[in-house]
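Notes to accompany the following structure.
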Amino acid sequence: MTGIDAISTARKTWKNWAGNQWAVPENWVRPTNEDELVDAVRLGNATGRVVKIVGGGHSFTDIACTNGVLISLDDYTEIVAVNGHDVTVQAGVRIGALSSALEAHGLALPNLGDIDVQSIAGAISTGTHGTGLGFNCISAAVVGLRLVLADGSVLACSETERPEVLHQARVGLGALGLISEVTVRCEPHFNLHAVEKATSVQKLMGRLDGLIRDNEHFEFYWLPYTEAVLTKSNNRTDAAPTGGEGKRRLEQELLENIGFGAVNMLGRKAPSLIPKLATALPGSGVTEYVTRSHDVFTSPRRVRFLESEYAVPLDAFGEVFDRLRALVDTLPAPVSFPVECRFLGGDDIPLSMASGRDSAFIAIHTAVGMPHEAYMASFEQIVDDVGGRPHWGKLHRKTETELVDLYPGFDDFRDLRDELDPDRRWQNPYLARVLGD
Ligand SMILES: Cc1cc2nc3c(=O)[nH]c(=O)nc-3n(C[C@H](O)[C@H](O)[C@H](O)COP(=O)(O)OP(=O)(O)OC[C@H]3O[C@@H](n4cnc5c(N)ncnc54)[C@H](O)[C@@H]3O)c2cc1C
């Protein structure tokens, strides 16, 4: 075997993490260097097949799906260069491995989402974010990209070289090119002082504005059918780590173990019990610890779920949250997962969900196997009233005709797409829906 055959496997089914999306690609390719990436793209051209790249498979939408040529970058994960705070990596590296490698150089990404198993390219392609009004999504740290274009040529973009391409491609939805390398601007490695507290909706709402502004990274979870709220406040500290026992965090208990794991298991058998089970969940006390930043930002998710998340203007948060709480009581199927609320500063990235405005991110979840359509559709109606923007990697029903009004830079993005991918080599049903043909 030579060339592309050597890195291409026979037809087999690809599935995402949640198991709600799958594909049976004609070619499933695992390149190990950039020449092989280019070969895989040319294979798509030669056979007329759509080419998609899959990172960690952690999107809930069909954004990464194709039955054509599927490229996995799991063998393309090296650190390429470290220049001061700017680190260039191969695009398949997972956030967890990247964070460990950065730590070895005394560096860290400024902000992360709540898991670390996405690839860096997959994470930035959908605008993956954490929380913190003074911070932005991960894509905002990107200062350089190498893109393999649809014709197999390679385009490097940075703050000085084709900056207009960099500007758009930081959140590119996989629609502009195959990201071969990513350069991220890091900050010196830091520890976070994490404080996790149980409180009530009423107490929290009176203080929310201060908490969002006074903490570097603030978020909270609301437990449906209850007044219970769990808050997380994370701030940079020079203090040394307090040790591994601090890892026993409320969120992990809540999402993975005794709490919602049990609620979901029992709730699947007897849905009407869910509200009662939720009120019985543990929800008191304070957990406090110091450890390295990426261990605070991220944690494993063992209970599989489906998720929808919308970004709304920050000042619309209170109204949306109140309406969502009222909605939950009216749903035909009970909700067995907490609602996650995060806050992020506005940025200048055209397809970032926080583009041009400080934003609140509200995420709703249902366990795999439980009904989710009515909940997510009603949630969409609420956020529609305040110009909510869907997370590109999480379940939503938006189409290009609605999205064009939500993003001032939407048409500029589509113009760049016309220039870089005139034959729609990266097109799949998801991109056709959200960007059009
Ligand atoms: C349990 C869980 C927790 C999550 N938590 C968060 C969170 O805290 N915050 C948040 O914002 N999101 C979160 N997400 C969503 C997730 O971060 C995004 O969907 C992200 O895009 C997944 O990254 P991935 O590497 O799995 O990419 P994939 O889902 O595999 O791909 C996503 C997109 O990126 C494209 N892509 C991948 N690699 C390349 C490349 N090299 N070149 C061009 N395009 C490429 C794909 O084609 C696709 O369009 C979560 C998802 C799950 C399942």
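Using the structure shown, decide if Val29 is assigned by TED's automatic domain parsing to the domain that holds Glu103 and touching a residue at least 40 places away in the same chain (Cβ under 8 Å). Working first, answer last.
Details: assigned by TED's automatic domain parsing to the domain that holds Glu103: no; touching a residue at least 40 places away in the same chain (Cβ under 8 Å): yes.
When the stated conditions are applied, Val29 does not pass them.
If a residue has to be within 10 Å of the ligand (Cβ to nearest atom), of a type in the set (Gly, Ala, Ser) and either assigned to a strand (DSSP E or B) or on the phi > 0 side of the Ramachandran plot (or both) to count, how many in region 13-64 make the cut?
The total comes to 1.
Go over the candidates Gly393, Gly369 one by one and state the one that is under 20 Å from the mean Cα position of the chain (by Cα) and small (Gly, Ala, Ser).
Values: Gly369 fails: under 20 Å from the mean Cα position of the chain (by Cα).
When all the criteria are applied, what remains is Gly393.
Between a first residue in region 218-244 that is more than 17 Å from Phe343 (Cβ to Cβ) and a second residue that is modelled with pLDDT under 95 and among the hydrophobic types (A, V, I, L, M, F, W, C), which pairs have beta carbons less than 7 Å apart while being 6 or more apart in sequence or on different chains?
Leu223/Ala278; Leu223/Leu281; Pro224/Ala278; Pro224/Val335; Tyr225/Ala278; Thr226/Ala278; Ala228/Ala198
Collect the residues in region 291-322 that are part of a strand (DSSP E or B) and within 14 Å of the ligand (Cβ to nearest atom), keeping them in residue-number order. Write out each step before concluding.
Residues of region 291-322 part of a strand (DSSP E or B): 291-292, 305-313.
Within region 291-322, Phe305, Leu306, Glu307, Ser308, Glu309, Tyr310, Ala311 meet the criteria.
Of the residues that make up region 232-249, is at least one at pLDDT below 95, farther than 30 Å from Leu420 by Cα, within 16 Å of the ligand (Cβ to nearest atom) and touching a Ser or Thr at 6+ places or on another chain (Cβ under 8 Å)?
Looking through region 232-249, at least one residue is at pLDDT below 95, farther than 30 Å from Leu420 by Cα, within 16 Å of the ligand (Cβ to nearest atom) and touching a Ser or Thr at 6+ places or on another chain (Cβ under 8 Å).
Return the only residue of Gln202, Gln168 being of a type outside the set (Lys, Arg), more than 12 Å from the ligand (Cβ to nearest atom), in contact with a helix residue (DSSP H, G or I) (Cβ under 7 Å, 6 or more places away or on another chain) and part of a helix (DSSP H, G or I). Outline the logic, then answer.
Working: Gln202 fails: in contact with a helix residue (DSSP H, G or I) (Cβ under 7 Å, 6 or more places away or on another chain).
Every option except Gln168 fails the conditions.
Looking at (1) over 30 Å from Asn45 (Cα atoms); (2) crowded, with 18+ Cβ neighbours inside 10 Å; (3) more than 11 Å from the ligand (Cβ to nearest atom), which is the one condition that is false for Val142?
Unmet condition: (1).
Give just the number: which of (1) more than 30 Å from Ala46 (Cβ to Cβ); (2) surrounded by fewer than 18 Cβ atoms within 10 Å (Cβ to Cβ); (3) touching a residue at least 12 places away in the same chain (Cβ under 8 Å) does Leu98 not satisfy?
(2)
Which condition breaks for Trp392 when tested against (1) outside any helix (DSSP H, G or I); (2) under 25 Å from Arg323 (Cβ atoms); (3) more than 14 Å from the ligand (Cβ to nearest atom)?
Every listed condition holds for Trp392 apart from (3).
Which numbered condition trips up Thr160, out of (1) touching a residue at least 60 places away in the same chain (Cβ under 8 Å); (2) more than 16 Å from the ligand (Cβ to nearest atom); (3) of a type outside the set (Gly, Ala, Ser); (4) farther than 19 Å from Asn235 by Cβ?
Of everything listed in (1) touching a residue at least 60 places away in the same chain (Cβ under 8 Å); (2) more than 16 Å from the ligand (Cβ to nearest atom); (3) of a type outside the set (Gly, Ala, Ser); (4) farther than 19 Å from Asn235 by Cβ, Thr160 misses just condition (1).
Would you check if Leu112 is within 13 Å of the ligand (Cβ to nearest atom), among the hydrophobic types (A, V, I, L, M, F, W, C) and surrounded by fewer than 24 Cβ atoms within 10 Å (Cβ to Cβ)? Give the steps one after another, and end with the answer.
Working: within 13 Å of the ligand (Cβ to nearest atom): yes; among the hydrophobic types (A, V, I, L, M, F, W, C): yes; surrounded by fewer than 24 Cβ atoms within 10 Å (Cβ to Cβ): no.
Taking the combined requirement at face value, the residue does not satisfy it.
Applying the selection to region 330-358, what residues are part of a loop (DSSP other than H, G, I, E, B), modelled with pLDDT of 95 or more and buried (at least 23 other Cβ atoms within 10 Å of the Cβ)?
Result: Ile349, Leu351, Ser352, Met353, Ala354.
Can you tell me which residues in region 1-12 are outside any helix (DSSP H, G or I) and either at pLDDT 90 or above or out of contact with any strand residue (DSSP E or B) (no Cβ under 7 Å at 6 or more places or on another chain) (or both)? First the steps, then the outcome.
First, pick out the residues of region 1-12 that are outside any helix (DSSP H, G or I): 1-2, 7-12.
Passing the criteria: Met1, Thr2, Ala10, Arg11.
Out of Asp437, Asp412, which single residue is outside the structural domain of Val328 (by TED's automatic domain parsing), farther than 25 Å from Gly57 by Cβ, touching a residue at least 40 places away in the same chain (Cβ under 8 Å) and not in a strand (DSSP E or B)? Reasoning before the result, please.
On the way: Asp437 fails: touching a residue at least 40 places away in the same chain (Cβ under 8 Å).
After ruling out the rest, the residue left standing is Asp412.
Would you mind stating whether Asp151 is within 11 Å of the ligand (Cβ to nearest atom) and assigned to a loop (DSSP other than H, G, I, E, B)? Give the steps one after another, and end with the answer.
On the way: within 11 Å of the ligand (Cβ to nearest atom): no; assigned to a loop (DSSP other than H, G, I, E, B): yes.
Here the answer is no, as Asp151 does not meet what is asked.
Could you list, in sequence order, all residues of region 65-77 that are β-branched (Val, Ile, Thr) and near the ligand (Cβ under 9 Å from one of its atoms)? Reasoning before the result, please.
Narrowing region 65-77 to residues β-branched (Val, Ile, Thr): 66, 69, 71, 77.
Answer for region 65-77, where residues must be β-branched (Val, Ile, Thr) and near the ligand (Cβ under 9 Å from one of its atoms): Thr66, Ile71.
The values are calculated or read from the model by the stated rules, or taken from the named source; none is laboratory data. Please read all numbers here as calculations on a predicted model, not as lab measurements. For neighbour counting, all protein chains shown are included, and Cβ atoms are generated from backbone atoms with ideal geometry for every residue, glycine included.
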